[in-house]
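So the structure is just underneath, and the comments pick up after that.
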Amino acid sequence: MSDQPPPSTAPIMAGIALMGAGLLMRAWRPSALSLPDRPEKDRHTDRGVAKAARRSRDGVATILPRNMTGSLGRSLLIMGAGLVMVRVLDEFVEDEEALF
């Protein structure tokens with residue numbers, strides 16, 4: 001291994017790779033990773049613990065993404081774009097203040 005610092009383009013290349021992986025994940029949405037649709041009926045006859053469990057489950061399902069790969073892909077896109085943006089903006093600051 002050499003003691004050379006990584007090239008200044010390494011964060012940009014990593015960011016582009018993350019964005020590419022994010023785009024691929026958003027395009028590939030396997031049905032196995034999709035949440036089932038909620039049943040149409042609104043009348044429930046459950047009580048007590050079963051009712052509390054159902055309401056909790058429905059509340060959690062409301063905030064979850066419809067497909068896991070879409071959410072992971074979006075996160076990778078944001079991380080990659082942020083990394084590229086930070087590196088590009090580093091070019092406009094003093095060398096002592098640069099992050100990468």
Of all residues in the stretch 16-46, which are at pLDDT 75 or above, under 18 Å from the mean Cα position of the chain (by Cα) and surrounded by 11 or more Cβ atoms within 10 Å (Cβ to Cβ)?
Ile16, Ala17, Leu18, Met19, Gly20, Ala21, Gly22, Leu23, Leu24, Met25, Arg26, Trp28
Scanning the stretch 59-68 for residues that are modelled with pLDDT under 80 and among the β-branched types (Val, Ile, Thr), the one surrounded by the fewest Cβ atoms within 10 Å (Cβ to Cβ) turns out to be Ile63
Exactly one of these conditions fails for Val49: (1) among the aliphatic types (A, V, I, L, M); (2) modelled with pLDDT of 85 or more; (3) under 30 Å from Ala10 (Cα atoms). Give me its number.
(3)
Hits in the stretch 52-78 - residues which are touching a helix residue (DSSP H, G or I) at 6+ places or on another chain (Cβ under 7 Å) and farther than 30 Å from Ala10 by Cβ:
Pro65, Asn67
Being among the basic types (Lys, Arg), in a helix (DSSP H, G or I) and under 30 Å from Ala17 (Cβ atoms) is the filter here; which residues of the stretch 40-95 pass it?
Arg74, Arg87
Within the stretch 79-87, identify whether any single residue is modelled with pLDDT of 80 or more and farther than 15 Å from Met13 by Cα, and answer yes or no.
no
Do the conditions hold for Ser56, that is, is it modelled with pLDDT of 85 or more, of a type in the set (S, T, N, Q) and surrounded by 10 or more Cβ atoms within 10 Å (Cβ to Cβ)?
yes
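The values are calculated or read from the model by the stated rules, or taken from the named source; none is laboratory data. The shown structure was predicted, so the numbers you read here are calculated from the model rather than taken from an experiment. Note that each Cβ is placed from the backbone with ideal geometry, even for glycine, and that neighbours are counted across all protein chains shown.
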